[in-house]
Amino acid sequence: MKKRKIEVAVISDVHLGTYGCHADELITYLNSIEPKKLVLNGDIIDIWQFSKRYFPPSHLKVLKKIIGMASKGTEVFYITGNHDEMLRKFAPTSMGNIKIDNKLVLNLDGKKAWIFHGDVFDLSIQNAKWLAKLGGYGYDLLILINSAVNWVLTKLGREKYSLSKRIKNSVKGAVKYVNDFEQVAAELAIENDYDYVICGHIHQPKKEIIKNAQGVTTYLNSGDWVENLTALEYSFKRWKVYQYNHDKLSPFFADEDLKEMDMNDLIASITTKADLSEFEVNGEQEESLPRNEGLSQDSSGM
Ligand SMILES: [Mn+2]
């Protein structure tokens, strides 16, 4: 099966661990590509929702697939989002080919791409604007402010600040928010001389050239794997928005063992001392991995 070779693939807002996540479709997509770099731009694992104890085999398989890609040479960047902000404690961290950080700058054919999830704009777009002007320091400060507000809300027994809730509450407000979000991201990118600014968070896939008096940038959003099923792909010096429901996949059919994989397979795949590079996600080796029948999915703590 021929996989599409691409320079960089960006996905975000997968929300593993929630009912809305289209994990099967995402695995099919990931199986169809061979990126040099894979950027996971936030909200990949929905840690907020873990209390619901919903984490089906196909969701584990996504993680396993990503680990498999890393072991075969793909450079994986896990950028933290608000639903996986627990990982911000560890940023920056790197484990082999997997790096965790709050933001990322890539040099692509002489152009600079600025990549971050985008939840820093949640509390106040205007405040975000002047804080983010402080550069990296302002960005980190915004993350701290957002975390502090959510910490207080949780202590008060209230729900965390949620953008999706805000969108449900007010369609008109949401449209304005999305526009402001895109505009502020682009303005900051122009101010800091980034040729591309790449976000997630608002679940609105997009590629748009945005200009102002100071200059020009390309705003990109990778969308989500809840409703839009989209990714960003960089190849041959250009970006495109990949749409699972419209674009052709490389010939590939989702494998049947997808539904049968469980937590034990995933744990085995991470903890086994075997050379990970030999481990094929669709191959026969998978069946020979040790299984611990005594460990059920519920008792594993995920
Ligand atoms: Mn988000």
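The values are calculated or read from the model by the stated rules, or taken from the named source; none is laboratory data. Remember, predicted model here, so these are calculated numbers, not experimental data. Note that each Cβ is placed from the backbone with ideal geometry, even for glycine, and that neighbours are counted across all protein chains shown.
On the basis of being assigned to a loop (DSSP other than H, G, I, E, B), among the β-branched types (Val, Ile, Thr) and within 16 Å of the ligand (Cβ to nearest atom), does VAL14 make the cut?
Working: assigned to a loop (DSSP other than H, G, I, E, B): yes; among the β-branched types (Val, Ile, Thr): yes; within 16 Å of the ligand (Cβ to nearest atom): yes.
Against the criterion (assigned to a loop (DSSP other than H, G, I, E, B), among the β-branched types (Val, Ile, Thr) and within 16 Å of the ligand (Cβ to nearest atom)), VAL14 qualifies.
Identify the single condition in (1) among the hydrophobic types (A, V, I, L, M, F, W, C); (2) over 15 Å from the mean Cα position of the chain (by Cα); (3) buried (at least 18 other Cβ atoms within 10 Å of the Cβ); (4) modelled with pLDDT under 95 that CYS21 does not satisfy, given that it satisfies every other one. With (1) among the hydrophobic types (A, V, I, L, M, F, W, C); (2) over 15 Å from the mean Cα position of the chain (by Cα); (3) buried (at least 18 other Cβ atoms within 10 Å of the Cβ); (4) modelled with pLDDT under 95 applied to CYS21, the lone miss is (2).
Taking SER58 and the conditions (1) out of contact with any Asp or Glu (no Cβ under 8 Å at 6 or more places or on another chain); (2) not in a loop (DSSP other than H, G, I, E, B), which numbered condition does it fall short on, given that it satisfies the others? Among (1) out of contact with any Asp or Glu (no Cβ under 8 Å at 6 or more places or on another chain); (2) not in a loop (DSSP other than H, G, I, E, B), SER58 violates only (1).
Report yes if some residue within the stretch 43-51 is farther than 20 Å from SER222 by Cβ, at pLDDT below 95 and more than 13 Å from the ligand (Cβ to nearest atom); otherwise report no. Taking every residue of the stretch 43-51 in turn, at least one turns out to be farther than 20 Å from SER222 by Cβ, at pLDDT below 95 and more than 13 Å from the ligand (Cβ to nearest atom).
Could you grab me the full set of residues in the stretch 176-197 that are away from the ligand (no atom under 14 Å from the Cβ) and of a type in the set (A, V, I, L, M)? Those that are away from the ligand (no atom under 14 Å from the Cβ) and of a type in the set (A, V, I, L, M): VAL184, ALA186, LEU188, ALA189, ILE190, VAL197.
Got a number for residues in the stretch 30-70 being small (Gly, Ala, Ser), within 18 Å of VAL10 (Cα to Cα) and touching a Leu at 6+ places or on another chain (Cβ under 9 Å)? Summing the residues that are small (Gly, Ala, Ser), within 18 Å of VAL10 (Cα to Cα) and touching a Leu at 6+ places or on another chain (Cβ under 9 Å) in the stretch 30-70 gives 3. In the set (1) within 16 Å of the ligand (Cβ to nearest atom); (2) under 19 Å from ASP224 (Cβ atoms); (3) among the aliphatic types (A, V, I, L, M), the condition left unmet by LEU26 is number (1). Filtering the stretch 6-18 to residues that are modelled with pLDDT of 95 or more and surrounded by fewer than 23 Cβ atoms within 10 Å (Cβ to Cβ) leaves ILE6, GLU7, VAL8.
Check the stretch 60-72 and report whether any residue there is in contact (Cβ under 8 Å) with a residue 40 or more places away in the chain, within 16 Å of the ligand (Cβ to nearest atom), buried (at least 23 other Cβ atoms within 10 Å of the Cβ) and more than 11 Å from the chain's Cα centre (by Cα). Checked against the condition, which is being in contact (Cβ under 8 Å) with a residue 40 or more places away in the chain, within 16 Å of the ligand (Cβ to nearest atom), buried (at least 23 other Cβ atoms within 10 Å of the Cβ) and more than 11 Å from the chain's Cα centre (by Cα), the stretch 60-72 yields no hits at all. Quick check on ILE45: is it touching an Asp or Glu at 6+ places or on another chain (Cβ under 7 Å) and closer than 18 Å to TYR234 by Cβ? Against the criterion (touching an Asp or Glu at 6+ places or on another chain (Cβ under 7 Å) and closer than 18 Å to TYR234 by Cβ), ILE45 does not qualify.
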